[in-house]
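Only one structure is covered here, and it is reproduced in the block below.
The values are calculated or read from the model by the stated rules, or taken from the named source; none is laboratory data. Only a predicted model underlies this, so the values are computations on that prediction, with no experimental measurement involved. Reconstructed Cβ throughout: ideal geometry from the backbone, glycine too, with neighbour counts over all protein chains shown. Quick note on the areas: whole protein, heavy atoms, side chains included, nothing else; ligands and nucleic acids left out. Shrake-Rupley method; radii C 1.70, N 1.55, O 1.52, S 1.80 Å.
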There are 2 protein chains.
Amino acid sequence: MQRVSDTSRSPGYDPAPTNSRALIVDSIRSAGTVSRVELTQITGLTAPSVTTLVRRLIDDGLVDEAGRGSSTGGKPRTMLRIRAAARYVVGVHLSADSLTYVLVDYAGAVVARWRRAGPGDDSDPEQVVERIAAETTELIERSGIDASLVLGLGFVCPGPLIRNRGVTSAPPSMTRWVGFPIHRRLEERLGLPALLENDATAAAAGTRLTTSHDVSVMAALFMSEGIGSGLRLNGNVYQGAHGNAGEVGHICVQIGGPQCWCGSTGCLEAIAGPATVVAKARAAGLDLGSPRRTGVAAFAAIARLALTGDSRAEAILRDSASWLALGAQTITNMYDVQLLVLTGPAFAVAGTIYLPVIQERILSSSFGRAVNTEVVLDERGHDAAAIGAALMMLRSERAISA
Amino acid sequence: MQRVSDTSRSPGYDPAPTNSRALIVDSIRSAGTVSRVELTQITGLTAPSVTTLVRRLIDDGLVDEAGRGSSTGGKPRTMLRIRAAARYVVGVHLSADSLTYVLVDYAGAVVARWRRAGPGDDSDPEQVVERIAAETTELIERSGIDASLVLGLGFVCPGPLIRNRGVTSAPPSMTRWVGFPIHRRLEERLGLPALLENDATAAAAGTRLTTSHDVSVMAALFMSEGIGSGLRLNGNVYQGAHGNAGEVGHICVQIGGPQCWCGSTGCLEAIAGPATVVAKARAAGLDLGSPRRTGVAAFAAIARLALTGDSRAEAILRDSASWLALGAQTITNMYDVQLLVLTGPAFAVAGTIYLPVIQERILSSSFGRAVNTEVVLDERGHDAAAIGAALMMLRSERAISA
DNA sequence: CCACTATATTCACAGACCTAACAAACTCAG
DNA sequence: CTGAGTTTGTTAGGTCTGTGAATATAGTGG
């Protein structure tokens, strides 16, 4: 009797790239180098299928043979790897105070990175499109790669959005973005496919998994100017009905709590987000450098103070961390993940303060699970969203059937 | 240029039943009656494929032709429907104070329902297996259906579980269930495939979608003895890494809140769950019938008082509802669903009190989304979990490749 | 009764993927 | 050094799914 309940090890809802070619490319990319035998195990395809698919990928110049493995008593394995220079993608992360570009090769490695000051408060979206297009072109030119190898551009920004339609709501600093279909405009302007994604969701896609064991279900807790999260299942991100899943910054953690820009009250972001942390620090008289310094830059100044022994700064951040820990607990309860990664610019500068607080809460609220959720810090937090945007583009159909 | 971003209308993570036969069966089942042309649109398959697949299903006795549609200028459509009597599945919902059985036919309709008093506090799991096996057999016999047509049994219970291994943690009333692989024991005892699922997750699968527009991403907020939720994507439930996704009852909604049986503090369930509501009502001196009456029965007594004008009962329930609304807000923020259904025995008796409170909060915390999440009450709340368990069994591979 | 239209089917074919048999490249015992 | 043994990878042939093009079916309206 075949037991139905043996369909284990999947999150119930299995992404299953229907396309074997994409499956092979993905498997090689995430493994680094693999042999064909290993691919049969990873993908579940038979050896002949792997042979055929790999041959085509080699013929198309997307995959290379990369020497031999050592023998284990028989023919040594022929190792395969992605031909990194075969294609490229660009990832762009826009936030109010910075604009981050990354150029990612076909193997998924970052080959160029460029951070610029943000377009500033409430700038004209059309002008920003022009600027991004120009800077993207410049990034590609200066990298010395063949522009025709660039497959597309992933664009991420904060704030809720309607997939394929644009931002629907935005923090006070970016109100003119509401309803502006930026990815469409970028497509027209650059002549490249573009995708639009929420920063936190993209960050989940951009996180490198460095854990020992297999992680198929993971989430990213993302903090930049706002707080968000993303869920990743076997490499695919979950976007929700309208592309706004994971808005952990706007769950209510305190009845009757402060008003949030989103219209609700008691939101995690309003209570413990970077903007609030900065406001508290200023109110406490901390010196954050220039009084014009805002956003993540100001938050980073607080983190530096805390890390150099300023107890007031530390107390403010620890308080924020205790609230973030509630958000993390919500993520693990709702998503049931194996791994939670703290990422984004804010965690990149203050992660070491937040991490232990969050870990402790996850441990103590583990709900009697046999397996505890691991919580780690992303070492690429600053660029995770941009990298994730690029990787999402890379994983799209278009990037494989070329 | 093919635009990658045009892969819209999916929640990012697409379940895509790889099996076309299953896809056709599912489509017919959820549509009720459809023609082949409509199936080509729904499934994306070509007309010849639909023809072939449908012919086989008819040959196998799983699908029937059901008359003609009206002509729109040409040949009228031949309507198809699931042959309801082709197969059956059983769903069982165990909670501390009740045991619910449903027999569901191949079309997904409930053909028999049986509710019995629960096995009582902390009873021996082996004895409960015996009882469930005996009562399942009796249910099938009394229904007069051919027992060989029963495909399997879906079993749901509260509490976190490890998929395929059994319950890992349980409320105080059911501690002896921890680690007991009940679905395996039921499989052995009944000679039928069995699956084990969380009650709230199953309820999401068991909810009938009665909304006008297409709903591909929905969640269930489930309240029985505890509080949970389930996420359903195009008919498939999301289970998470260990089968414990959606534990909204154990998110923290109040820092420093009361201790919960799960080991954490400030959990939604500890603050506003039925057990707490009952305790508050008793403390307030409300007459809930027999003092031995516990669980949902006691909760139902409070609901009856509230609905017949007892203002103290109503106040207690409204307070609970305001907390549940936070949970609902968390669900919509984390999952980004089109529809949220309130279901489970507790909502079945008190839903009309909870619904407006929850709706109001979802509206006011809608986060500037273009589309608001609809919140409705499930009219089958009492049996939703058992029905869902049966439907999940029905949708399993085994149920189709027969 | 005859065009016209929408629905459904037949047929030949392309492609994906499988099984089975085979070839290649190493190790190691004698 | 040689050949058996082992592991890796390929070739050949077949099955199955699903497709496009052409065709059959069953209505409507003039």
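Could you tell me whether the protein assembly as shown comes out rounded, prolate or oblate from its Cα gyration tensor? Rule is a ≥ b ≥ c as square roots of the eigenvalues, rounded for a/c under 1.5, then prolate if a/b exceeds b/c, otherwise oblate. Note, shape of the protein assembly as shown comes out oblate.
Think of a 1.4 Å ball rolled over the protein heavy atoms: the protein assembly as shown then has 37 Å² of accessible area per residue. Projecting 7 Å from Cα along the Cα-to-Cβ direction, the label point of A:G191 sits 7.1 nm from its equivalents in the other copies, listed shortest first.
Local charge sum around A:L355 (other residues, Cβ-Cβ under 13 Å, Lys/Arg +1, Asp/Glu -1)?
Numbers: positive: A:R318, A:R361; negative: A:E360, A:E374, A:D378, A:E379.
Net local charge, A:L355 excluded: -2.
Taking amide H as placed 1.01 Å from N in the peptide plane, the amide H of A:V217 sits under 5 Å from that of A:N234, A:Q338, each at least 5 places away or on another chain. Based on DSSP H segments of at least four residues, each scored -39500 (n - 2.57), the protein assembly as shown has a per-residue ellipticity at 222 nm of -12000 deg cm²/dmol. Scanning chain B for the Cβ atom closest to the axis that brings B onto A yields residue and whole-Å distance B:M334, 2. A:G179 label point (Cα plus 7 Å toward Cβ) to equivalent points in the other copies: 6.1 nm, shortest first. The mean sequence distance of close C-alpha pairs (under 8 Å, at least 6 residues apart), as a share of the length of the stretch B:257-372, puts its relative contact order at 22 percent.
Projected label points at B:R176 and B:T352, each 7 Å from Cα along the beta carbon direction, are separated by 4.0 nanometres.
Within the protein assembly as shown, antiparallel bridges make up roughly 65 percent of the DSSP beta bridges whose residues both belong there.
In terms of its C-alpha gyration tensor, the stretch A:211-379 comes out prolate, because a/c is 1.5 or above and the ratio a/b outweighs b/c.
Peptide B:230-238 has a mean shielding of 4, counted as Cβ atoms of other protein chains within 10 Å of each residue's Cβ.
If you take all other residues with their beta carbon under 12 Å from the beta carbon of B:I227, and give Lys and Arg +1 and Asp and Glu -1, the sum is -4. Counting other Cβ atoms within 10 Å of each Cβ, which trypsin sites (Lys or Arg not before Pro) in the stretch A:174-280 have at most 16 and sit in a DSSP loop? Of the trypsin sites (Lys or Arg not before Pro), the ones in loops of the stretch A:174-280 whose Cβ has at most 16 other Cβ atoms within 10 Å are A:R208. Which net charge results for the neighbourhood of B:Y88, defined as the other residues with beta-carbon distances under 12 angstrom from its beta-carbon, given Lys and Arg at +1 and Asp and Glu at -1? My count for the surroundings of B:Y88 gives 0.
Extending 7 Å from the Cα toward the beta-carbon at both A:E138 and B:D214 defines two label points whose distance is 4.3 nm. Mean separation of Cα pairs under 8 Å and 6 or more residues apart, divided by the residue count, gives chain A a relative contact order of 16 percent. With the label put 7 angstrom out from Cα along the Cα-to-Cβ vector, B:T308 ends up 7.2 nm from the copy partners, going from closest to farthest.
With each label modelled as a point 7 angstrom along the Cα→C-beta vector, the A:T72-B:T52 pair spans 3.9 nm.
For the protein assembly as shown, give the percent of accessible area contributed by carbon and sulfur heavy atoms, probe 1.4 Å, rounded to a whole number.
50 percent
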